[in-house]
Structure formats: structure tokens, C-alpha cells
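These notes are about the structure you will find just below.
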Amino acid sequence: MIRNKNFWDAEKNAPILNRNGNFIKYDNHDESCKRAEEFCKIMSKHINEDIKVEIKKKCNDEEILRIIRLDAERTFSTEENRSLLIEVLQSIYPVINDYHQGLSFVASFLLLFLKPKEVITIITGLHKYYVPGYFKAMPKAYVRDARVFMSILNIFYPHIYKHIEKLITPEAFVSKWFIGLNVHVLTFESLMLFFEHFLKEGTIFLFKYSIALCKNLENEIMKTNDVSRILSLLRLDQKVFPNDYKKSKDDEVGHFFLNIINDACKVDMEKINLNELRQEAIKQMELEEERRKQIEMERALSDDEIVFSDEEEEEEEEEKEEEEKKKKKKKKKKKKKKLLEQAYVMKKICGHINKGET
């Protein structure tokens, strides 16, 4: 896209460019495109497979297509570029057989530099070999790895772990790093570097990056107990960390973001058993699911015994009516008995009178 001179006028206010920070311009676009073209080569070396893909001109799932169109409208300003993104996303949909908004983040960033088929190839590779299950609408694999990240953070920096853990669950912020792959989080300058290392090292780099980011934000994180503040920090919210953010006056513009990537490369994960931590996270999720089902079952059973206020009133009314009926019946019976007694007495009296007269 950025090779087209018209792009820079037509899309200058497009949301996808919010983190460009004037890093890529029409004048230097060729260099950035060539750098992005290496992504496919880096991936091929890592997965050792030649991925075959095809472009789909249609999407048979109308609801998914509706969501994809909305995401395209949120990303680009022109119909031409929106159509390109839609084409890519609907071509990926049959591969994943599901859809997550994070896909549109990654696809739109790559489309700036690469052809649609190259983008489809990279995302297919990501789905199959790097982050399988992350791009599902309900990504359990992501939830698992978000918890694994917290376990690793506890190993490296237990004080940061304890502070975050008491305030917020990792699922609330890790998606920006793991599913969206830091598009809209990092500046383009640092994002290019992130993709290069991630494609080279694989999933492990996501955890290295996450640890480095928390370490770089240590002071800010430890100073606050405000959940919204913690979220804005961990997501590198642009209002808190603008593209020209400097941690100190002596820093150069962009150094803060680049420093996170450079520090990530130095994180030593040799003693971390990722598979073991994932199994622990899965067991924890299974236990939580069992508890959830148990609670739902208990609620369902207790619902049968619950007497709601309106039902209670009806029952009380019925009881009163029944009591009234009993009282009336008893009264009626008593009255009848009295009448019978009176009739008997009258009969006796009448009998005596008659006898006296004869």
C-alpha cells in the first residue's frame, strides 16, 4: 500500500498509522517494504515449510463477513484499502475457521508493506506454528499463555507479579501483546524490530518481550493501585506513552520503545520449562471450569426450591381462602346442628301438646 503515492494523502488519518510516528514516509517506503519482505524468509527458516495459500474472493459466513467489514472500516479510510483487508481476512478465515479482531490488526500492518498473498502466508504460518489457537473468537490457548506469562513474571520479578496479580487478571491486557502482536502498542520503528525477533525465535519471544516490558515499567507499575492506570501502562496506551515519549530528558525519541525490544533479547529463558507451565495453567483452567459448572448446577437445583415473593403471596392468599372455607363450613355445620337441635326440641314440644289435647 505505502508504495502508492496516493496512499499518503488518502490514508494520512487512518487509525493504522497512529503509531507510525513519522518513521515511514513515502520517501523511505522502499527500505521499509524490503525489510518487511524478509519476514517471509525469516518465517520459512523457523518453520522449515513452504506454505501454500490462496486468495478467497468470497466469504460464505455472512456474520463473519459483517464483522470483517466493520474492522476494515475502523482501520482504513478508503474503500480500496478496506477491500484489500477484507480480501485478506476472508482468505484466512477458512484456514482458522474462526475470527478474532487481533487478526485485522496484524493483517493491516503487514498489508502496508506486502502483497495480500504474502500477508495470508505469514498469518497462516503464525496460526499453524507460532500462536496456534490465539486467533479464535474464544482463544483458550491465549488464556493459557496469559497465565503462563504471569507464572514466568513471578519467577523473574515476584514483587511486580504480586502487585499486578492483586489488581487485575492477565487476560485483560496480554491480548495486546499476544494476539494483536503489539500493533497499536509499539511504534512502527520498534514494531518492525519486534516482528523480526518474534518470527526468528518463535512464541518464546512473546514471553521474553512481556517480561522486558514489565521490567521497563517497574517504577510506574509499583507506584499505582489504580486498575485503569495499570491497564494503560501495560498496554502502552498512546495517551500515556506518545510516539515521542522520553523516559528521561537525555533519551532520544523512540529509545524507550526500542529499549523494550533490546531488553527482551537479553531475557534468559533457558531454565523456564514452557510446556510444564502450560500444563499447570491447563489444569488450573480445568478446575475453574469444573467449579463454574458445579456452581451453575447448584444454582439450577436451588432455583427449584426458591419461592419468589409473588408466588409466596399467592400461596398465602390460597391458604387464607382455604382457612376461610373451613371456617364457613364449620360455621355452617354448627348452624345446621343448632337448627336440628331446635327442630328436635320443637318436635318434642309439639308432641307433648298434641298428646295433652287428645
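The values are calculated or read from the model by the stated rules, or taken from the named source; none is laboratory data. Just so it is clear, the structure is predicted and the values come from calculations on it, not from any experiment. Please note: Cβ atoms are built from the backbone with ideal geometry, for glycine as well, and neighbour counts cover all protein chains shown. Just the protein is used for accessible areas: all its heavy atoms, side chains included, with ligands, DNA and RNA removed. Shrake-Rupley method; radii C 1.70, N 1.55, O 1.52, S 1.80 Å.
Structure data summary
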{"quantity": "In segment 247-289, the residues that are assigned to a loop (DSSP other than H, G, I, E, B) and open to solvent by less than 80 Å² (accessible area, probe 1.4 Å)", "calculated": "SER248, ASP251, GLY254, VAL267, MET269, ILE272, ASN273"}
{"quantity": "In segment 161-180, the residues that are buried (at least 19 other Cβ atoms within 10 Å of the Cβ), aliphatic (A, V, I, L, M) and closer than 23 Å to GLU220 by Cβ", "calculated": "ILE164, VAL174"}
{"quantity": "Residue that is least open to solvent (accessible area, probe 1.4 Å) [pool: residues in segment 197-223 that are free of Cβ contacts under 8 Å to residues at least 40 places away in the same chain and farther than 25 Å from VAL143 by Cβ]", "calculated": "GLU220"}
{"quantity": "Of the criteria (1) open to solvent by 60 Å² or more (accessible area, probe 1.4 Å); (2) touching a helix residue (DSSP H, G or I) at 6+ places or on another chain (Cβ under 9 Å); (3) farther than 30 Å from GLN90 by Cα, which one SER228 fails", "calculated": "(2)"}
{"quantity": "Among (1) part of a helix (DSSP H, G or I); (2) out of contact with any helix residue (DSSP H, G or I) (no Cβ under 8 Å at 6 or more places or on another chain), the one test that THR124 misses", "calculated": "(2)"}
{"quantity": "In segment 151-160, the residues that are open to solvent by 30 Å² or more (accessible area, probe 1.4 Å) and in a helix (DSSP H, G or I)", "calculated": "SER151, ASN154, ILE155, PHE156, PRO158, HIS159"}
{"quantity": "Hey, SER302 free of Cβ contacts under 8 Å to residues at least 40 places away in the same chain and under 25 Å from ARG19 (Cα atoms) or not", "calculated": "no"}
{"quantity": "All positions within segment 56-86 that are open to solvent by less than 60 Å² (accessible area, probe 1.4 Å) and under 19 Å from the mean Cα position of the chain (by Cα)", "calculated": "ILE64, ILE67, ILE68, ASP71"}
{"quantity": "Subset of segment 231-246 [under 18 Å from ASN22 (Cβ atoms) and open to solvent by 40 Å² or more (accessible area, probe 1.4 Å)]", "calculated": "GLN238, PRO242, ASP244, TYR245, LYS246"}
{"quantity": "Some residue of segment 130-140 being free of Cβ contacts under 8 Å to residues at least 12 places away in the same chain, hydroxyl-bearing (Ser, Thr, Tyr) and assigned to a helix (DSSP H, G or I)", "calculated": "no"}
{"quantity": "Residue satisfying condition, being more than 15 Å from LEU181 (Cβ to Cβ) and open to solvent by less than 10 Å² (accessible area, probe 1.4 Å), within set VAL148, VAL95, VAL143, VAL131", "calculated": "VAL148"}
{"quantity": "Whichever residue in segment 23-48 is part of a loop (DSSP other than H, G, I, E, B) and touching a residue at least 40 places away in the same chain (Cβ under 8 Å) and, among such residues, is surrounded by the fewest Cβ atoms within 10 Å (Cβ to Cβ)", "calculated": "PHE23"}
{"quantity": "Residue among GLU63, GLU73 that is on the phi < 0 side of the Ramachandran plot, without any contact (Cβ under 8 Å) to a residue 24 or more places away in the chain and out of contact with any helix residue (DSSP H, G or I) (no Cβ under 8 Å at 6 or more places or on another chain)", "calculated": "GLU63"}
{"quantity": "Count - residues of segment 101-113 that are touching a Ser or Thr at 6+ places or on another chain (Cβ under 9 Å) and either open to solvent by 10 Å² or more (accessible area, probe 1.4 Å) or among the acidic types (Asp, Glu) (or both)", "calculated": "1"}
